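Please treat every number below as a calculation from the coordinates, not as lab data. Since we're looking at a predicted model, the values are computed, not measured. Using ideal geometry, Cβ is built from the backbone for each residue, glycine included, and neighbour counts are taken over all protein chains shown.
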């Protein structure tokens with residue numbers, strides 16, 4: 001038994017290992033813990049039958065949750081009014097276009113100078129194929145959709161500390177990681193090192209699978225050749241006629257690849273929400289909010305800052321200020337209230353609800369995130385580097401560069417997402433004035449695309465902790481907080497029910513806002529009909 | 001036997017790396033760390049002023065960020081220590097991401113600037129003791 005492998009693992013752990021190599025397992029687990037993974041429970045348009053004629057509902061917030069509730073309850077015969085802090089519908093469903101002005105907390109104002117048709121989505125920007133409620137509302141509201149690319153094999157993975165700071169294509173890193181790992185596993189299996197883990201008949205299949213998966217040659221080696229260049233790309237592509245000879249590329253060594261840490265980013269596209277097919281609205285994410293807003297028309301009262309929410313035995317009275325005209329506080333009253341104000345804001349507004357709901361509202365802190373949009377004179381990422389949509393990842397503070405998923409081949413300017421980051425770097429970004437955020441983002445990006453320096457025109461930077469109507473990008477749940485507070489946050493308290501992404505298990509996703517809203521509407525309707 | 005040993009070594013290396021990969025980062029860890037600022041002023045300007053503003057006067061929108069300038073609530077040092085460590089309502093907790101020294105430094109900075117003149121410095125030990 002001297003041949004007994006030093007490694008001991010069962011079959012299950014081997015396949016788990018393979019899953020880990022592929023990267024999906026860890027990322028999915030990490031994302032689950034962040035609350036970014038989950039399934040949509042939408043099964044078609046909601047039916048609300050038997051609404052007592054003229055029963056009034058006051059909805060606070062004209063984001064997707066609030067407008068979805070207003071739309072469905074109005075259609076069901078309720079007397080609906082909506083109060084909204086901003087002067088536009090949509091909330092975090094939002095696009096910034098040329099000519100728009102955005103003033104953040106503290107007063108810094110940015111005038112967006114993008115060319116016509118170009119935009120930045122400061123908030124959500126992608127719509128997974130399984131976010132069925134969101135897609136269905138787009139269909140019903142006639143919002144046109146187009147594909148959003150998550151994984152682009154021609155885009156880059158970049159580390160300032162590896163390969164001399166030279167970006168590598170996703171294509172090469174992905175192929176080389178798979179290839180090297182496949183080679184190691186195939187060799188270990190062929191040399192009987194995995195005998196305890198894999199049966200003889202499975203071993204042959206595994207080895208064959210590794211050859212196909214990793215692009216190994218007949219000796220189970222991952223090395224320079226046509227086979228591997230077909231995965232990782234050529235130095236010069238095959239052509240026609242007398243200039244057709246391709247120049248093959250050299251795989252990165254296992255050592256360099258491991259040390260580079262670039263493999264950290266190859267799993268992003270394996271996450272449920274980031275798998276094909278993903279959509280975006282034609283013309284910007286904000287098109288959904290606009291469509292809802294058009295549908296609801298004068299039911300939405302804009303520029304209304306809610307200052308107090310009081311309920312009694314017969315209804316809910318909300319005090320608000322008109323931020324445009326000023327003057328004394330006004331009130332709105334209805335029999336019922338659906339409140340979609342983010343917990344970050346709601347925790348500061350006096351509200352008559354019981355201790356369980358109030359504790360839940362106070363328990364959520366709001367995460368930091370930043371997005372920076374940059375306009376360049378020409379679409380050099382397409383013209384020079386054949387990158388059409390998708391995104392590059394970097395270890396620099398901007399974390400990511402997102403390429404536009406529309407307007408391909410346009411001659412004129414284009415807008416990139418120059419930075420999209422959470423955590424420590426986004427706090428740093430938020431602490432800078434907007435123009436410095438833009439300047440830094442150009443500086444970081446030019447390490448990946450040197451064209452930045454000559455082609456940059458102007459930019460806009462949204463730090464979510466500075467957004468006056470959310471004070472952060474999304475509510476932060478932990479498993480512990482959910483166990484203690486989630487049900488209390490969602491339960492109807494007297495005549496008030498809360499809705500929004502924060503009252504969902506798809507936090508920060510528009511689908512979560514819609515499903516939370518539909519669930520709240522359904523429960524409220526049942527209560528109204530029963531009473 | 002040489003190649004076999006090489007493969008085993010290589011495999012061990014890979015398994016080691018996979019162990020690192022497989023240790024899924026907790027949300028807490030992802031959001032933790034990365035704050036390299038050390039002095040109170042650096043930390044304030046690198047983190048706090050994102051919300052509390054460069055002049056520490058806070059800001060008002062649909063909700064508000066409280067002012068820390070001339071703030072009588074800072075009189076009892078344990079109050080800002082607790083808030084910075086654990087967060088409060090919309091404010092994130094910084095306990096997981098800042099060291100005891102960083103927390104002490106930034107609180108001592110705010111308590112002696114922006115019109116605050118509290119003389120009793122917060123010690124690193126006091127921050128450590130306040131962690132729960």
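Taking a quarter of the surface of the convex hull around the Cα atoms of segment A:282-345, what do you get in nm²? Walk me through the numbers on the way to the answer.
Details: hull surface 24.1 nm².
If you wrap the Cα atoms of segment A:282-345 in a convex hull and average its projections, you get 6.0 nm².
Evaluate peptide B:38-50: per residue, the Cβ atoms of other protein chains within 10 Å of its Cβ; return the mean as an integer.
Values: counts 0, 0, 0, 0, 0, 0, 1, 3, 6, 6, 2, 5, 15.
Partner Cβ neighbours, averaged per residue: 3.
To test your reading of the geometry: what angle, between 0 and 90 degrees and rounded to tens, separates the Cα axis of helix A:24-33 from the longest principal axis of chain A?
For A:24-33 against chain A, the angle is about 20 degrees.
Using only the Cα atoms of segment A:171-252, each taken as one equal point scatterer with no solvent, compute I(q) by the Debye sum, divide by I(0), and report log10 of the ratio at q = 0.13, 0.14, 0.22, 0.27 Å⁻¹.
-0.45, -0.50, -0.91, -1.16
Just to confirm the number: angle between the C-alpha axis of helix A:510-530 and the first principal axis of chain A, 0 to 90 degrees, nearest 10?
Long axis of A:510-530 versus the principal axis of chain A: about 40 degrees.
Can you sort A:411, A:208 so the residue with the fewest Cβ neighbours within 10 Å comes first? Mind showing how you got there, number by number?
Numbers: A:411 8, A:208 13.
Arranged by neighbour count, lowest to highest, A:411, A:208 become A:411, A:208.
With contacts defined as alpha carbon pairs under 8 Å and 6 or more residues apart, what's the relative contact order of chain A in percent?
Worked out over chain A, it gives 21 percent.
Within a 10 angstrom radius of the beta carbon, how do A:381, A:125 rank from fewest other beta carbons to most? Before the final figure, lay out each step's value.
On the way: A:381 27, A:125 19.
Sorted ascending by nearby Cβ count, the order is A:125, A:381.
Using a 7 Å offset from the Cα along the Cα-to-Cβ direction at both residue B:38 and residue B:67, what is the distance between the two label points in nm, to one decimal?
Using points 7 Å along Cα→Cβ, the separation is 3.4 nm.
Rg and Dmax in Å for segment B:35-130, alpha carbons only: what are they?
Calculated on Cα positions, Rg and Dmax stand at 12.3, 38 Å.
Based on alpha-carbon atoms only, what is the radius of gyration of the protein assembly as shown relative to the globular estimate 2.2 N^0.38 Å?
1.05
Evaluate the distance, in nm, between pseudo-label points positioned 7 Å from the Cα of residue B:86 and of residue A:115 along their respective Cα→Cβ axes.
Going by the 7 Å Cα→Cβ label model, 5.5 nm.
Which value at 222 nm does chain A reach when only helices count, each DSSP H run of 4 or more adding -39,500 (n - 2.57), with the total divided by all residues and rounded to the nearest 500 deg cm²/dmol?
Roughly -9500 deg cm²/dmol at 222 nm, from the helical runs in chain A.
Assuming R0 = 22 Å, what is the FRET efficiency of residue A:235 and residue A:411, from their Cβ-Cβ distance, to the nearest 0.05?
Numbers: r = 29 Å, r/R0 = 1.32.
My answer for the efficiency is 0.15.
What's the angle, to the nearest 10 degrees (0 to 90), between helix A:200-214's Cα axis and the longest principal axis of chain A?
80
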